[in-house]
Amino acid sequence: MAQKNQNQTKRDLRVGTCNVCSLYRAGAFKELVKEADRYSLDFVEIQELRWPDGGVLA
């Protein structure tokens, strides 16, 4: 049977999600990283949305 390491400390895992229209524009990814750091996130899930034909809805 494996022994547990008694010196390990439990820590909350901070996860965030972000819906972005596009990371293609200059500085967008840098801005996303800045926000993740601001909230001290360990993981960030990114959903990128691009509208075909410029996003015009009929």
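Every number here is computed from the coordinates shown, using simple stated rules; none is lab data. Quick caveat, the model's predicted, so the values are computed rather than measured. Glycine also receives a Cβ, built like all others from the backbone with ideal geometry; neighbour counts cover every protein chain displayed.
Under the simplified labelling scheme, the Lys10-Phe29 pair shows an inter-label distance of 3.7 nm, with each label point 7 Å from Cα along Cα→Cβ. Under 5 Å from the amide H of Gly16 lie the amide H atoms of Phe43, Val44, Glu45, each residue being 5 or more positions distant or on a separate chain, with H modelled from the backbone and absent for Pro and chain starts.
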